[in-house]
Structure formats: C-alpha cells, structure tokens
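A short worksheet on the structure shown next.
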Amino acid sequence: MGTIDYREPVLDVRPRNSSRKLITASRVGETNRGRVLEILHRSGPSSRAELARVLSVNRATIASILQPLIDVGVLVEKPPIAASPAGGKPARPIWFSRNGPLLGAVQVSPDFVAAALLGIDGNVRVRASAVYERDADSQTILSALVEATSTCFSAADLIGIGVAASGMVKISTGSIISMHLTPGLNGIEIGQTLEDRFGTPVLVDHHPRVQALGDLWFGLGRDIEDFASVYTGEALGFGIVHRGSIIRGRDGAGGESGHTTVQLDGALCRCGRRGCWETVATLGWLRQKSSELGLDNASEMTAATLLSQVSDGNTVAAGLMSLYARNLAVGMINNEQILASGTYIMHGDVCGGGKPMLEAIQDWMNKLAPARETNPLVLFATQPDEITLLGGGGLILSSAFATVA
C-alpha cells in the first residue's frame, strides 16, 4: 500500500507577519481528495457520477481525484448496483476499503486516558483506557498513556495519531501547558511521547476542538457549516466550526470558553479569576447548589440524577434544572453575540438530562438570543462517548488530506 504525505500538516503555525503563499497544485489535489472523503462520510457509498454532481465537476476530474485514493488503498469500488429503469451502465459505488489506512485516536482527560484504533471509515477496531488519580504525577500519567495506547497501536501501521487533550495546549510541541484539575498534566509532552513510541506523526489539539472535528466528520455537524461543539461537566469549552473550518488561535490558543466572565466579582474560579462561566454551570456548581437546596445525593449530582428527581415530581429539582439550563445558555448566548454559530451541539454531563434538559436550554436560548429571524438551535450529541475519539481520527484525516482542520 502506498503512503500518504502528511508531514506538512495544516496545523503548521506561521508567524503573524508572514505572507500567505499561493496554494500549490499538489495541495489543491490533497484538498480535493479530502473533500471527497468528507462527502463519503456524510453521504455513504456514492458513485462517481454522484460525487461529480455534488462537487460540481465533470467525470474526468472526479476520476483524477479518486484514483490516487484507490491506488493507496483508501477507497475501493464496490460491486455494481442495478441500473436505473431508464437504463445506462450500472454504477459502482465508491466506499472506504476494509483494509485501508488505520488511524490512532487518543483522549487525555483529567482522570483517564482513552485510545482507539480506527478504520478510515470511522469504525472503532480496538479501544482501551487507563485511569489515574487527579493528584497523580506526570510519570504515572505517562504510564497510563503508554498502557492504553500500546493495547491499541502496537501492532498497527498508522498514518498518524490524533490527540484530544484537556487543558491549554501548545500544538507546535504537542504538549499541555496547563490543566487546573490535574496538575500532573502540566507540561506533559504527549506528542513526543507517542511519536517516539509508535514512529508515526502525532497531532495534539484542545479537547473541544477535536470534539468539534468529530461532530463535523462523523456526528451531528456533518451537514452544518457553522456550529459550536460544547463540552459540559466539570469544565466547559467550545470547539467552533465556522464556514466548515475549525477556528483556533495561534499555536492552539483559545477555546477556553469556560473562563469567559459572566459575573463580575463572582465566585473564585480554579484559574484564579472571578466570575468565570465555569463557576455557575459545571458539576461543581450543580452539586454545591443541590446541597444548599437539600436535594438527595447532592455530592454526586449530575444532569442524569437531577432528571430522575424531576421525573419523581420534585419541584425543587425542577427549579434547579431550569437554573442549570439558564446558566449554560448564558455562556452560549455570549458566543452567539460574537460569532453567531447558530447551532450548539452539546456533549458531556448535560446530555444525561434528556429531553427535559434539552427543552429547558432551548427555552432559555430563545429568551436570551439576539432578536433575529431564527433562534439558535440546541442539539444533544447522539454518541457522546465516541465522538471525541472519532474527532482524533478526523484530526489526522484533515491533516493528511489538507481539509478543513
């Protein structure tokens, strides 16, 4: 099988004063091939004629785009399907090869690391995880990282590994700058560790951005050009997709939406500032509020357990659910005022609140949104446990084929 040149990924960080160069012919080809992969992920097996129609190109052009992907084993032509009643040559759908390139995906969280071996079609072939305490030192965390990834990747020929890392990241070095929940992650060089061990390029990015890539390539964002992927739970963060592209600051900066200020002189945040969004819309806040209100199991409260109490007719719990929904909506509306993402795909704890929580958040979004023709739409992720790892695969696909990441 041929190799794919992905050693100059689109994640390159250029100085702000550098000139923007013209796109080379080879990079145009890579981008076109990436667009084909995106369309297949969104639409399923498609004939050459269907792909040409979607891309608004002729059949000769689509053939020149597809052939390199077939030659290196990324795509295959499936058996012909029956011709239409109007006649004509039976179409042969193009789809991902079962024996195509493999992708590595890793999620590094405050108290666990998860890894998955993915087919280029997005199917999880192998999955493993390892846990550690939040006061663990860097060496313990690295050992957990090696344990989980070795289970998945040791026997695999990977085209790359995409990592979703909690905390502030520096993508040029593949390292975590700061992680308040787990100080042992501070300064940890995930990229170099994995590259040295598996001999394949590693791309590290901020967890919510990788989550957004998962939504874009494999999830609810496949047919949406502008949206925000929202992580909820013990922390808050946004991955923003604008006009089909991920927004990221220089060298991985940005995305720390949980530390935008929503209440001047508010509660002290772990980051050292006051009034951050995280102080009023995370599990820590929910549990503290549950305790103040005398709700059962306050110290372990989640959106799911809150829903259970609401379903039992607890009016105090119902009031807290509305307040939790309002506080989450406030942060998303701040983003709506600035970027007008329009659609908010929510992940993490909040999804456990089910339809009542979704409706409560949507109601508050409607009340707080800027006065325009349509209100922002809120969606709950349908596969929240998988989408970040799938996004790690999307990070590699986007880099290898020079697409939207």
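Any chance you could give the angle, 0 to 90 degrees and rounded to 10, that helix 315-339 forms with the longest Cα principal axis of the chain?
Approximately 50 degrees, to the nearest ten.
Can you sort 399, 143 from fewest to most other Cβ atoms within 10 Å of each residue's own Cβ?
Values: 399 25, 143 15.
Starting with the residue having the fewest Cβ neighbours, the order is 143, 399.
Which one, 106, 72, 167, projects farthest toward the positive side of the charge dipole computed for the chain from Cβ point charges (K/R +1, D/E -1)?
72
About the Cα centre of the chain, what is the dipole size in debye to 20, counting +1 per Lys and Arg Cβ and -1 per Asp and Glu Cβ, all else neutral? Numbers along the way, then the final one.
Numbers: 35 positive and 39 negative charges, 307 e Å.
So the magnitude is around 1480 debye.
GNM on the chain, C-alpha springs below 10 Å: top fluctuator among 351, 152, 269?
Of 351, 152, 269, the most mobile in the Gaussian network model is 269.
Please state the relative contact order of the chain as a whole percent: Cα pairs under 8 Å, 6+ residues apart?
On the way: 812 pairs, mean separation 68.1, N = 405.
Computed value for the chain: 17 percent relative contact order.
Relative to the first principal axis of the alpha-carbon coordinates of the chain, what is the inclination of helix 25-43, with its axis defined by its Cα atoms, in degrees from 0 to 90 and to the nearest 10?
Taking Cα atoms only, the helix is inclined about 60 degrees.
Only Cα pairs within less than 10 Å get springs; with that Gaussian network setup on the chain, which residue of 110, 79, 68 has the largest fluctuation?
Maximum among the listed residues: 79.
Could you give the length gained by full extension between residue 297 and residue 243, i.e. 0.36 nm per residue of separation minus their alpha carbon distance, to one decimal place? Spell out each step's value before the answer.
Numbers: separation 54, 0.36 × 54 = 19.44 nm, distance 4.34 nm.
Gain on extension, residue 297 to residue 243, equals 15.1 nm.
What is the local net charge at residue 225, summed over the other residues whose Cβ is closer than 13 Å to its Cβ (Lys, Arg +1; Asp, Glu -1)?
Values: positive: 42, 222, 243; negative: 38, 215, 223, 226.
With Lys, Arg at +1 and Asp, Glu at -1, the net is -1.
Considering only the other residues whose Cβ falls under 15 Å of the Cβ of residue 99, what net charge follows from Lys and Arg at +1 and Asp and Glu at -1?
On the way: positive: 78, 98, 125; negative: 71, 77, 121, 157.
Once all neighbours under 15 Å are counted, the net charge is -1.
To the nearest 10 degrees, how steep is helix 354-368 against the longest Cα principal axis of the chain, on a 0 to 90 scale?
80 degrees
FYI, it's all coordinate maths here, none of it is from the lab. These numbers come from a predicted model, not from an experiment. So basically every Cβ, Gly included, is an ideal-geometry build from the backbone, and we count neighbours across all protein chains shown.
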